[in-house]
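The values are calculated or read from the model by the stated rules, or taken from the named source; none is laboratory data. Note that this is a predicted model, so its numbers are computed, not measured. Backbone-built Cβ (ideal geometry, glycine too); neighbour counts: all protein chains shown. Surface areas here come from the heavy atoms of the whole protein model, side chains and all, with no ligands, DNA or RNA. Shrake-Rupley method; radii C 1.70, N 1.55, O 1.52, S 1.80 Å.
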Amino acid sequence: MTAHRTDHSDRREERYQLSPFVISSSSPYLRDQRDLMERPFFSLAKSPRLKPICYKQADIEIQVFGMPDHGMATIWDADILIWAASQIVAAENAGEHSSRRLHFTPYQLLRGIGRQTGNRQYCLLRASLARLQSTVIATTIRNGTRWRCRQFSWINEWEERTTINGRVEGMEFVLPEWFYNGVMDHSLVLSIDPAYFRLKGGIERWLYRIARKHVGHQQEGWHFDIAHLHRKSGSLARVSDFALAIRRIARQQPLPGYRLGLGTLKGREGLWILPLIPRTGTVDKAVDASGENIGTSHAATIGTSDATLSAHQTHEQAASTCFNDGNTDRNLSNSDSNSFSSVSEASGYLKESATSMPPAGPRRTLP
């Protein structure tokens, strides 16, 4: 699979073929797109990343390229896509019109993703939109039987409208068809906790999305091999540094709705994740038009995610600087968090601790 740089010069005509989706709600229930939650589509570092992400697992391939002027879109930039998905799902659930062409005010978007609304945040919003537009993604996911690969950017184009005095009145952007179709398919959307926006580290944010996608509210939780998590993340950090970051996160317990524990399984270091509020049903009834549970694998015991077939590779000809993923704590050991040697031991301890301790984030039931 080979990706090519995208020419944005011919997209303005597409915009005017789409009817505008005027945003009226500033705080819909938050939704995330499942494909984006479990695979490495974004940089986990705030420093500009130019080194591509090249990921392959079975028949799934992903390539992500950042342009030199802006760098690759980050997991913080992805907040804008979460907000867009939430608006689309809310409109569809209400029987209203939605479109890939979103018209909104910067205030609505910034408030919707839990950020301040000062001038600096408006400037950062513009930078995020620029990265989302300039980042090029090529993937085999959801391409049907006849087409091998689809290439797109997270935003086809964006524009802001200002008054004669320079005050921003409104903004528009056009989402790619691949993303919009993934949101319109309600089985590919999951609700998320608003406390997600308060997570500061890139790995923390990515880990929450992994937990929400794979663990959901399964009472028995899920086990992840650390090396496999590293490959799935697309992180530029060394495996050892990535493991240190995971240990720090497990010690601090910052993920809203989930309890973390470290240990070994089959001789390999792993991470156990258990929901703090285990449930037997789904929290996504409002999204799931079919009425079926989504986001659970109904594992009888703690599920494992330690496949060795996935690979995270990088293009050697690209910039090779390894940026830090926000991991500043380098002096942790396994003793800093709970350690387990078996699935049953982890399940029993995490269940007990989950019922006896409050969550790190606000304890709430997602709609």
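Taking the criterion of being within 19 Å of I75 (Cα to Cα), in a helix (DSSP H, G or I) and of a type in the set (G, A, S), the only residue of segment 226-242 that qualifies is S233.
What is the residue count in segment 93-130 for residues that are closer than 26 Å to S191 by Cβ and open to solvent by less than 60 Å² (accessible area, probe 1.4 Å)? Within segment 93-130, residues that are closer than 26 Å to S191 by Cβ and open to solvent by less than 60 Å² (accessible area, probe 1.4 Å) number 20. Among the numbered conditions (1) in contact with a helix residue (DSSP H, G or I) (Cβ under 8 Å, 6 or more places away or on another chain); (2) at positive phi, the only one that H97 does not meet is (2). Applying the condition of being buried (at least 21 other Cβ atoms within 10 Å of the Cβ) and either under 22 Å from P194 (Cα atoms) or β-branched (V, I, T) (or both) to segment 218-232 and asking which residue is modelled with the lowest pLDDT yields Q218.
Does G66 fit the bill of being surrounded by fewer than 17 Cβ atoms within 10 Å (Cβ to Cβ), of a type in the set (G, A, S) and either touching a Lys or Arg at 6+ places or on another chain (Cβ under 6 Å) or touching a residue at least 12 places away in the same chain (Cβ under 8 Å) (or both)?
Numbers: surrounded by fewer than 17 Cβ atoms within 10 Å (Cβ to Cβ): no; of a type in the set (G, A, S): yes; either touching a Lys or Arg at 6+ places or on another chain (Cβ under 6 Å) or touching a residue at least 12 places away in the same chain (Cβ under 8 Å) (or both): yes.
Against the criterion (surrounded by fewer than 17 Cβ atoms within 10 Å (Cβ to Cβ), of a type in the set (G, A, S) and either touching a Lys or Arg at 6+ places or on another chain (Cβ under 6 Å) or touching a residue at least 12 places away in the same chain (Cβ under 8 Å) (or both)), G66 does not qualify.
Hey, can you tell me all the residues within segment 264-280 that are open to solvent by less than 40 Å² (accessible area, probe 1.4 Å) and of a type in the set (G, A, S)? Before you say what the answer is, go through the steps one by one.
Initial filter on segment 264-280 (open to solvent by less than 40 Å² (accessible area, probe 1.4 Å)): 265, 270-276.
Within segment 264-280, G270 is the sole residue that qualifies.
Filter segment 142-159 for residues that are crowded, with 16+ Cβ neighbours inside 10 Å and not hydroxyl-bearing (S, T, Y) and give the result. Passing the criteria: R150, Q151, F152, W154, I155, N156, E157, W158. May I ask you to verify whether R161 is without any contact (Cβ under 8 Å) to a residue 12 or more places away in the chain and under 23 Å from L81 (Cα atoms)? Yes, satisfied. Just so you know, in segment 28-63 the residues that are hydrophobic (A, V, I, L, M, F, W, C) and in a strand (DSSP E or B) include one that is most open to solvent (accessible area, probe 1.4 Å), and it is I60.
Each residue in segment 183-209 was checked for being touching a strand residue (DSSP E or B) at 6+ places or on another chain (Cβ under 9 Å), open to solvent by less than 10 Å² (accessible area, probe 1.4 Å) and among the aliphatic types (A, V, I, L, M), and 5 pass.
Scan G257, G261 and give me the residue that is over 15 Å from the mean Cα position of the chain (by Cα), buried (at least 19 other Cβ atoms within 10 Å of the Cβ) and either within 26 Å of W83 (Cα to Cα) or not small (G, A, S) (or both).
Values: G261 fails: either within 26 Å of W83 (Cα to Cα) or not small (G, A, S) (or both).
It is G257.
Selection of segment 163-182 for residues being open to solvent by 20 Å² or more (accessible area, probe 1.4 Å), touching a strand residue (DSSP E or B) at 6+ places or on another chain (Cβ under 9 Å) and under 16 Å from T140 (Cα atoms) yields only E177.
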